[in-house]
Amino acid sequence: MDTSPNCAICNAPANPECPCESERLQIAVKQAEQRAMESRLAEIKDWVISHARQHILNGFERLTSARKQAHSTYLSSLPFYSVYMQYSGHPPIHPTHLAQLQAQISEAHAELKRGIDADWRASVLRYPEVLDYFYSLVELRLPNDRSPRVIEPPFAAAGYADRGYDHSRIGKEGKKKKRREREPSAAPIERGRGNREEHMYTVVGRTRGPPPVPTPPIQPGGYPHPPGFYRYQ
């Protein structure tokens, strides 16, 4: 007698070629993965992109800063450049020298722009390397196979009867137990009430017992009998 269970999806006899359970398992895995990992992956992606972009921008700023400094140094070294700047581009110098200076300045500006474009391109092309680095810093940890949480998951506590998986019941028993532990019983309260009368207490750094009860005054001849009190003969 073949005791292998039928297909849980189509109820066909056990057959290795039946794709129903495998296909449904893949669907369930994708759905569970989406529920468990979608928000975490989005958070990781945002973190990686933010740090990678900042690193690329910082590197680009360092490159352009050095290039602009070299550009400024070169312009300052040109003949008549200080006079050219002093007269806002219209210095009182020979037209030949002025034309030559303007050509040198124009070429220097063009070279600076080409250099900045090259720096930006080199920086952006480093994104794959930078992204790989920051993704490598993210730590993913699997639980130990011997962990009680792995061996005895909450949905296995009541056995594997065919009753479905009720998410709402998880944790309720633990909450009830904690609530019972937080609620004090009546007996300890009564016992504590009696013990409080015998506790020592501190006043201005000194420890002493409870204050003495004052002694009632003694009347001459004793206390009168209360009304309705009769002596036995």
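Within the stretch 93-113, identify whether any single residue is within 30 Å of Leu41 (Cβ to Cβ), at pLDDT 90 or above and surrounded by 10 or more Cβ atoms within 10 Å (Cβ to Cβ), and answer yes or no. Checked against the condition, which is being within 30 Å of Leu41 (Cβ to Cβ), at pLDDT 90 or above and surrounded by 10 or more Cβ atoms within 10 Å (Cβ to Cβ), the stretch 93-113 yields no hits at all. Looking only at the stretch 47-75, residues that are surrounded by 13 or more Cβ atoms within 10 Å (Cβ to Cβ), closer than 20 Å to Val130 by Cβ and either of a type outside the set (Phe, Trp, Tyr) or touching a strand residue (DSSP E or B) at 6+ places or on another chain (Cβ under 8 Å) (or both) come to 10 in all.
Pairing each residue of the stretch 79-95 that is free of Cβ contacts under 8 Å to residues at least 40 places away in the same chain with any residue that is in a helix (DSSP H, G or I), provided the two are 6+ apart or on different chains, yields C-beta distances under 6 Å for Phe80/His97; Phe80/Leu101; Tyr81/Leu75; Tyr84/Leu101; Pro91/Val83; Pro91/Tyr84. Taken over the stretch 62-76, the criterion of being in contact (Cβ under 8 Å) with a residue 24 or more places away in the chain and of a type outside the set (A, V, I, L, M) is satisfied by Thr64, Arg67, Lys68, His71, Tyr74. Considering only residues that are in a helix (DSSP H, G or I) and β-branched (Val, Ile, Thr), look in the stretch 1-53 and name the one that is nearest to Leu125 (Cα to Cα). Step by step, filter the stretch 1-53, then rank; the result is Ile49.
Any residue at all in the stretch 135-155 that's in contact (Cβ under 8 Å) with a residue 60 or more places away in the chain, part of a helix (DSSP H, G or I) and either surrounded by 10 or more Cβ atoms within 10 Å (Cβ to Cβ) or touching a helix residue (DSSP H, G or I) at 6+ places or on another chain (Cβ under 9 Å) (or both)? Yes, some residue in the stretch 135-155 is in contact (Cβ under 8 Å) with a residue 60 or more places away in the chain, part of a helix (DSSP H, G or I) and either surrounded by 10 or more Cβ atoms within 10 Å (Cβ to Cβ) or touching a helix residue (DSSP H, G or I) at 6+ places or on another chain (Cβ under 9 Å) (or both). For Asn58, the criteria (1) closer than 30 Å to His109 by Cβ; (2) at pLDDT below 95; (3) among the polar types (S, T, N, Q) hold in every case but one, which is (2). Among the residues in the stretch 3-23, are any within 21 Å of Arg141 (Cα to Cα), modelled with pLDDT of 90 or more and within 36 Å of the chain's Cα centre (by Cα)? No, the stretch 3-23 contains no residue that is within 21 Å of Arg141 (Cα to Cα), modelled with pLDDT of 90 or more and within 36 Å of the chain's Cα centre (by Cα). Residues in the stretch 55-83 that are in contact with a Leu (Cβ under 6 Å, 6 or more places away or on another chain) and assigned to a helix (DSSP H, G or I) were compared, and the one that is farthest from Trp120 (Cα to Cα) is Tyr81.
The values are calculated or read from the model by the stated rules, or taken from the named source; none is laboratory data. These figures come from a predicted structure and were not determined experimentally. No Cβ is skipped: glycine too gets one built from the backbone with ideal geometry, and neighbour counts run over all protein chains shown.
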